[in-house]
Amino acid sequence: MPDPTQRWQDIDPKEAADLDLSTNLGITAPLNELGRRCPWPWEPQTLTHAPLGQYRCRFCNAMVIAGVPHFDYAPQGRQVTAETVNELHAWCQPSTLFHGPADTGSAVLGLAVGPDGHQTIALIGDWIIRDGFGDFTVREGGSPC
């Protein structure tokens with residue numbers, strides 16, 4: 001997939017009338033909760049005279065707000081480091097986190113994921129990823145992707 005060269009936010013809705021971002025990968029696009037590109041994300045911001053409120057985008061079915069730009073549900077990731085442990089406690093739901101020293105003496109961060117409360121250990125260097133539904137997962141070391 002080619003790197004997007006233009007941000008969808010920089011295009012006026014009037015200029016985007018014939019664009020389809022599901023096939024035009026040269027322009028960025030917000031993702032819905034399922035990680036799919038919205039083919040025409042300008043709809044919410046064009047509803048300036050509609051009552052302010054949530055509704056489903058008719059192009060990608062994402063939950064958005066009338067009158068403001070389309071929300072992007074792209075996954076967010078943060079790397080576990082000794083410096084980010086406190087930040088991660090604030091970012092994640094505190095009730096799902098626990099932490100303590102690992103056998104190696106370095107800090108670890110535990111994360112309860114899944115409906116059964118299964119606990120996964122995130123070591124220094126691992127990534128904690130939050131998807132469009134707000135669910136957290138742990139990826140070992142390396143990159144967030």
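The values are calculated or read from the model by the stated rules, or taken from the named source; none is laboratory data. Given the structure is predicted, the values throughout are model-derived calculations rather than measurements. So basically every Cβ, Gly included, is an ideal-geometry build from the backbone, and we count neighbours across all protein chains shown.
At-a-glance table
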read-out: Long-range neighbours under 7 Å by Cβ, at least six apart or interchain, first residue under 17 Å from Val80 (Cα atoms) and touching a residue at least 12 places away in the same chain (Cβ under 8 Å) within the range 129-140, second of a type in the set (Ser, Thr, Tyr) and assigned to a strand (DSSP E or B); value: Ile129/Thr137; Val138/Thr120
read-out: Top-ranked residue in the range 120-145 [being modelled with pLDDT under 75 and hydroxyl-bearing (Ser, Thr, Tyr); ranked as surrounded by the most Cβ atoms within 10 Å (Cβ to Cβ)]; value: Thr120
read-out: Those strands (runs of 3 or more DSSP E) lying entirely in the range 1-88 with at least 1 residues touching a helix residue (DSSP H, G or I) at 6+ places or on another chain (Cβ under 7 Å); value: 63-65, 76-79
read-out: Residue count for the range 20-54, restricted to those that are more than 19 Å from the chain's Cα centre (by Cα) and more than 13 Å from Trp8 (Cα to Cα); value: 9
read-out: Any chance Ala29 is in contact with a Ser or Thr (Cβ under 8 Å, 6 or more places away or on another chain) and either in the same structural domain as Asp12 (by TED's automatic domain parsing) or of a type outside the set (Asp, Glu) (or both); value: yes
read-out: Residue in the range 13-22 that is modelled with pLDDT under 90 and either on the phi < 0 side of the Ramachandran plot or of a type in the set (Gly, Ala, Ser) (or both) present; value: yes
read-out: Residues satisfying the stated conditions in the range 67-83, i.e. surrounded by 16 or more Cβ atoms within 10 Å (Cβ to Cβ) and farther than 30 Å from Asp10 by Cβ; value: Val80
read-out: Considering residues of the range 9-49 that are in contact (Cβ under 8 Å) with a residue 40 or more places away in the chain and hydrophobic (A, V, I, L, M, F, W, C) only, the residue surrounded by the most Cβ atoms within 10 Å (Cβ to Cβ); value: Leu31
